[in-house]
Structure formats: structure tokens, C-alpha cells
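Just so you know, all these numbers are worked out from the coordinates, no wet-lab data involved. Being a predicted model, the structure only gives us computed values, none of them experimental. Reconstructed Cβ throughout: ideal geometry from the backbone, glycine too, with neighbour counts over all protein chains shown.
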Protein chains: 2
Amino acid sequence: MVTTDRLSATFAALADPTRRAILARLAKGEASVKELSAPFAMTGPAISKHLRVLEHAGLISRGRAAQWRPCRLEAGPLQEVAAFTEEYRRFWDDSYARLDAYLQMIQDGTAEATAAGEPTEGPLDARDG
Amino acid sequence: MVTTDRLSATFAALADPTRRAILARLAKGEASVKELSAPFAMTGPAISKHLRVLEHAGLISRGRAAQWRPCRLEAGPLQEVAAFTEEYRRFWDDSYARLDAYLQMIQDGTAEATAAGEPTEGPLDARDG
DNA sequence: ATGCTACCTAACCAACTGGTTACCTAACCT
DNA sequence: AGGTTAGGTAACCAGTTGGTTAGGTAGCAT
């Protein structure tokens, strides 16, 4: 894609096991390119391309120290991904499902409650689907 | 990719604004293919391909009612994505950052506490970086 | 029977991806 | 100065993706 939004770039970057493994490694701390490429049966340029994809998505940033170019995890895009999935949490989370049923009941005007179970607790402001 | 793991397929499916828009529409309830294609300046086959990608990733399932093939959201893969991002939550969540500092302090043996602030609350079992 | 609607597959195309080899720069170490 | 190490770019290749047009199938309506 010639012009890709940030979220699409993030998802595309995460859609590769090698790149996810690199992120998992960086979650433990900074690492050089050599260090990052060690676990993979892959040439340097291939890793270099993966890092460029990750950097373009904003998932990593690169420093400079002598002949090394240490990579650092940047979690901003991951936070956006988390926010994205939160929009759908009610589709798998039981407590949200109960909350949905409760709110539906309220909306139907039949607010005699406890018919479908009361919501235990829930961040109401997270629901804007 | 010829053999793609489920998480990769999910991320790849989500890396397209059209497909995310389709999911957003399905979050409001089942819809026919025609209905789903309405908002897009795109031919039918293009939508059909998008739906196939989403179905292959397990993000939707398709029923059959007369000449319609209603699509339904399946949130399982989204839950996996949420679980993935949770592994990195400590990189952007302040309370997790404080928890990290606290645990680091404990591990260093200098458990005199309150030096870097006490953790407010935190699901410890979610941390297995 | 005929036509319309909903949806799909097939074949094609341009652009992108993920990998390679070959080659280059920059920094360190004798 | 010369060699080694870390890392990058360029050119290329096969396979995938996202779109198209053309044409086919299944179900409903007249």
C-alpha cells in the first residue's frame, strides 16, 4: 500500500512470527542487530528488512553506539492495538456479555432487573461500539 | 506464506482498513455480503476476497439463508490478539512500570520499599515476559 | 420459463513481501 | 595501513495481495 495508516502498518508488522520474536526479545531490553538475528536461520539483510518494517510501524527505535545500532522497543503502537481489541472485548468476556444483556434489558424499558443477571462490574465508558 | 500460524493470519487480516471496517460493522450484528459491501467503492469479488481472508483467520463465520450468506463476528482471534498485547502492557502502563520497579527492587534484595513508589495493584500472574 | 438478485470462482494484473547474493560504509583493533 | 566486525543498500526472484472484468450458480419473483 502506498499510503498506509499507522494501525494497518502496525498489524502488518505484527503479522510475521520473526518480527514478533524480535519484539519479544526486545521486551527483555535493548539489543544489537547481530544479537537479534542470532536466533534465526536468515541472512543479515533479511533481518535488516524486518527491522525496517518494525521501525516504520513505530514498534522499535534505533540508537547509535559505535558500530552498533541498538534497537529499543516502542510500545505506543501496541497500546493502540490493545485499544482496538478492547472495542470487541464484550464479544468474548462473560462479564461484558452479562453487561450487554443488562443494558439491552434497560433499553427495552423492562427494567425489573435480575432477570438476566446483574452486571458484576464494568467500565461503562469503554463501551462505545 | 504457505503455512501461517493463526496469530499471523489474524494480524494479517487486521492489517487492512476495509477488513477492520467490516469487523466494526459486524460488531453491530449479522450482515449480508451486499450489506457489508455497501460502504465501499469496490466490486463484489473484492469484498468476497476480504471476507475469505477474515473467515480463514477465524474472525468471521458465514451462515446460509436462502440466497444470502450472512456473516457473523467471531471474537476468538481478537481475544488472542488482546492476550498478545497484554504481554507488553507494562511498557506503556504506568502502574505496571511502577510494579516493575518494585519487583526489581525486591529482586535486588533492597526491600526497604516505598523508594520508587509502591505498586497500587496488579495481576502478577499476567507477567511472564 | 424467464428474469432478477446475491454471491461465487476464474483469470488476469500491478504492487508488495520475504528472502537471497553482491557489494558498500563506518568503526574498532592491531 | 590493513583486517575484522556491525550493519546497511541495491538488484533480483518467487510468491502473495488487492484489485479488476467476465462469467457461472442458486434462490426468489413474476
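Tabulated values for the structure
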| item | result |
| --- | --- |
| In nm, spacing of pseudo-spin labels at B:Met105 and A:Arg72 (7 Å Cα→C-beta vector) | 2.3 nm |
| Inter-chain Cβ neighbour average for residues B:87-94, partner chain, 10 Å | 5 |
| Near-label residues of the range A:71-87 by backbone N, under 17 Å of a point 7 Å along Cα→Cβ of B:Ala97 | A:72-80 |
| Shielding by partners, peptide A:67-73 (average Cβ within 10 angstrom, other chains) | 0 |
| Under-5 Å amide H pairs with A:Glu87, H placed in peptide plane, nonlocal only | none |
| Taking A:Leu23, A:Leu103 and counting other C-beta atoms within 10 Å, the order from fewest to most | A:Leu103, A:Leu23 |
| For B:Thr10, B:Thr4, order by how many other beta-carbon atoms lie within 10 Å, fewest first | B:Thr4, B:Thr10 |
| Amide H within-cut-off set for B:Ala31, under 5 Å, with H built and near neighbours excluded | B:Cys71 |
| Estimated inter-spin distance, A:Arg52 and B:Asp5, nm [label 7 Å along Cα→Cβ] | 2.5 nm |
